[in-house]
Structure formats: C-alpha cells, structure tokens
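Student: Here it is: the structure, laid out below.
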Amino acid sequence: MKLEFTGRLAYDSASKRLLWRVEKPLPCAFRMHGNQLSQWDGETGKILSIPATKLPWIKLLQERLGQWLSGDLPALRKEADVTIVATNVVRLTPNDGMLATIAKAVEIKFSDDLTRVVRIRIEEKSGDILTIQFHNAVLNQPIPAEIWELK
C-alpha cells in the first residue's frame, strides 16, 4: 500500500528546528526543537508535546535530517558507508549507531546543479520505504516566526 502525504518542511540549521506541516491527507504538523517533539492535530486542534528522551528515534531523525539536508559528508561518514551512485545521488549504508537499527539504506538525491536536496529515500529494516520529495525549495532565506507556530 502506498501512502502519500503533501505538505511543507522547514529546517533551521542554526537552531536545529524542524517543522513538517502536512496538508493532505490529514492536516497536522510536527515540530522538533531541542529535546521536544510537538504535534498539532488539525482535526481536533489539540497539541501534544513529548520529550525526545521518551522517543530517542525522534532526536535521531532531527539530527540526521539536518545532516542529510546540509550534505554534511564528514558527519554522514561517522555512522554510514557513503557510496556515490550517480553524479547527484549518494547512498548511505548505516554501519553503527541507532540509524543502523532502523534503516538498511538512505539515498539522497541532489539537484542537477548540486545546490539542494530533491529527494531522500529511506529503506527501513522492516521493508517499508519512505520517500521524501522536495519541490520549490527555498534555501538560505530567513524563516518567518509564524512558520514555527502549531495551528
């Protein structure tokens, strides 16, 4: 079964904040900042906050997404073998740490001019595949404060 979510992703590398706002199929938003995950449910309007210490994979996801989006190869090589698949595709095979317990491989595809990430594909140990496609990416621009609000 294929599930497709449409939304927006914001990542601030300076503060390590990450926000994923889902528009379809169900409106919701996830914000990761520091040691806190907050989720807004668009149907009920309620916000749930969970300390990252209770869900260590959330902290891992926040850290790794930052590395993947920035293309920080030295950081990537600490937990994964890095293979160049094509001129704009890198494959990471986790070899240690928590990522290795969750994922078999992560593929990062860059734009043809190598200036931005256009796709992240995660092959999970369970056999599931998570593909994140990026369209209309805006880089190195200030992110308005209201973007981080959960509503």
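Student: Applying the selection to region 126-148, what residues are exposed (fewer than 12 other Cβ atoms within 10 Å of the Cβ) and part of a loop (DSSP other than H, G, I, E, B)?
Tutor: S126, G127, D128, H135, N136, V138, L139, N140, Q141, P142, P144
Student: For L3, are the conditions met, namely being outside any strand (DSSP E or B), more than 27 Å from Q141 (Cα to Cα) and not acidic (D, E)? If you could, list the steps in order and put the result at the bottom.
Tutor: Working: outside any strand (DSSP E or B): yes; more than 27 Å from Q141 (Cα to Cα): yes; not acidic (D, E): yes.
It is true that L3 is outside any strand (DSSP E or B), more than 27 Å from Q141 (Cα to Cα) and not acidic (D, E).
Student: How many residues are part of a helix (DSSP H, G or I) and not aliphatic (A, V, I, L, M) if we restrict to region 93-108?
Tutor: Residues of region 93-108 part of a helix (DSSP H, G or I): 97-102.
Cutting the leftovers down to not aliphatic (A, V, I, L, M) gives us 97, 101.
So the count comes out to 2.
Student: So which residues in region 1-57 are among the acidic types (D, E) and either under 14 Å from the mean Cα position of the chain (by Cα) or modelled with pLDDT under 85 (or both)? Outline the logic, then answer.
Tutor: We begin by selecting, within region 1-57, every residue among the acidic types (D, E); these are 4, 12, 23, 41, 43.
Of everything in region 1-57, those that are among the acidic types (D, E) and either under 14 Å from the mean Cα position of the chain (by Cα) or modelled with pLDDT under 85 (or both) turn out to be E4, D12.
Student: So, one more: Can you name the residue in region 54-86 that is in a helix (DSSP H, G or I) and among the basic types (K, R) and, of all such residues, is surrounded by the fewest Cβ atoms within 10 Å (Cβ to Cβ)? Walk me through it before giving the result.
Tutor: If we filter region 54-86 for residues that are in a helix (DSSP H, G or I), which is where we start, we get 54, 56-70, 73-76.
Applying the additional criterion that residues be among the basic types (K, R) yields 54, 59, 64.
Numbers: K54: 9, K59: 17, R64: 25.
My answer is K54.
Student: For region 109-125, which residues satisfy the criterion of being in contact with a helix residue (DSSP H, G or I) (Cβ under 9 Å, 6 or more places away or on another chain) and either assigned to a strand (DSSP E or B) or of a type in the set (A, V, I, L, M) (or both)?
Tutor: Hits for region 109-125 are V117, I120, I122, E124.
Student: Exactly one condition in (1) without any contact (Cβ under 8 Å) to a residue 12 or more places away in the chain; (2) surrounded by 15 or more Cβ atoms within 10 Å (Cβ to Cβ) is not met by R31; state its number.
Tutor: (1)
The values are calculated or read from the model by the stated rules, or taken from the named source; none is laboratory data. Keep in mind that what you see is a predicted model, and the values were worked out from it rather than measured. Cβ sites come from the backbone with ideal geometry, for glycine too, and all protein chains shown count toward neighbours.
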